[in-house]
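*Asks:* Shown below is the structure under consideration.
Rule-based calculations on the coordinates, nothing more; no lab input. A quick note: this is a predicted structure, and the numbers were derived from the prediction, not measured. Using ideal geometry, Cβ is built from the backbone for each residue, glycine included, and neighbour counts are taken over all protein chains shown.
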Amino acid sequence: MEQKKKKYRGRRSYLNDYEQDESGVYVYKGKEYIWKSPRKAALTKIWLLSLAAFAAQILAGCVPDVGMNGRAWVLLPYAGALAASVSLVWGSYTLSDGGEKVPEHIYKKSVEALPVRAILSAVLSGAAILGELVNLIWQSQFDGKISGAVLYIALEAVELVLAPLLRKMVLALEWELKEEPE
């Protein structure tokens with residue numbers, strides 16, 4: 001008796017592109033994107049940019065400045081920027097894990113999503129910088145922590161610069177769509 005294949009919809013619809021062969025191993029039968037850009041060089045640059053942006057966020061969170069002490073207009077954008085930088089690293093990993101031939105669902109989760117994540121990261125870093133500047137203007141007494149505030153702003157500015165560079169790098173990648181895998 002022939003076994004019916006379950007059709008997936010929504011988030012798991014990519015599972016419809018996997019079929020079981022005679023030995024019981026699942027094989028991908030959907031659309032694939034093939035790297036036309038030099039893969040190793042591109043991935044190295046993408047990883048460096050995403051990890052540097054993530055490191056800048058971690059370091060910014062370690063700076064004992066005046067704004068990070070319970071001020072929501074600094075903490076909330078920082079938390080969002082940190083989450084966005086984690087998302088950049090995750091997208092870089094997803095893209096790296098795809099191989100030379102990237103299945104369509106991995107392409108969508110990495111190549112199509114990374115530019116949007118990079119813009120989100122840059123916007124949130126800019127908001128964190130603005131929050132800290134508002135805090136500096138509003139604060140009448142700095143208790144000798146002005147250098148911490150300057151360092152925090154500089155680290156957020158690093159991500160503000162690196163995220164659009166990452167976006168530009170990902171958008172410049174060249175791909176070839178292959179409809180039927182071998």
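*Asks:* How large is log10 I(q)/I(0) at q = 0.09 Å⁻¹ when the Debye formula is applied to the Cα atoms of the range 49-182, each weighted equally and without solvent?
*Replies:* -0.32
*Asks:* Multiply the residue gap between Lys29 and Lys178 by 0.36 nm, knock off their C-alpha separation, and tell me the result in nm, one decimal place. It would help to have the intermediate numbers written out before the result.
*Replies:* Details: separation 149, 0.36 × 149 = 53.64 nm, distance 1.09 nm.
Roughly 52.6 nm would be gained on extension.
*Asks:* Per residue Cα convex hull volume for the range 18-116, in cubic angstrom?
*Replies:* Here the figure is 128 Å³ per residue.
*Asks:* Using 0.36 nm per residue of separation minus the Cα-Cα distance, give me the extension gain between Glu22 and Trp138 in nm, one decimal. Could you put the intermediate results ahead of the total?
*Replies:* Numbers: separation 116, 0.36 × 116 = 41.76 nm, distance 6.98 nm.
Full-extension gain reported as 34.8 nm.
*Asks:* If you don't mind, another one. Taking 0.36 nm per intervening residue step and subtracting the Cα-Cα distance, what contour gain separates Lys40 from Ala157 on full extension?
*Replies:* Details: separation 117, 0.36 × 117 = 42.12 nm, distance 2.78 nm.
Length gained, Lys40 through Ala157: 39.3 nm.
*Asks:* Return the distance in nm (one decimal) between the two label points of a simple spin-label model at Ile119 and Trp47, each offset 7 Å from Cα along Cα→Cβ.
*Replies:* Once both label points are built, they end up 2.8 nm from each other.
*Asks:* Let me ask another. Take Leu59 and Leu171, extend 7 Å from each Cα along the Cα→Cβ direction, and tell me the distance between the two endpoints in nm.
*Replies:* Going from the Leu59 label point to the Leu171 one covers 2.7 nm.
*Asks:* If amide hydrogens are placed 1.01 Å from N in the peptide plane, which non-local residues have theirs closer than 5 Å to the one on Lys29?
*Replies:* Excluding prolines and chain starts, which carry no amide H, the hits are Tyr18, Glu19.
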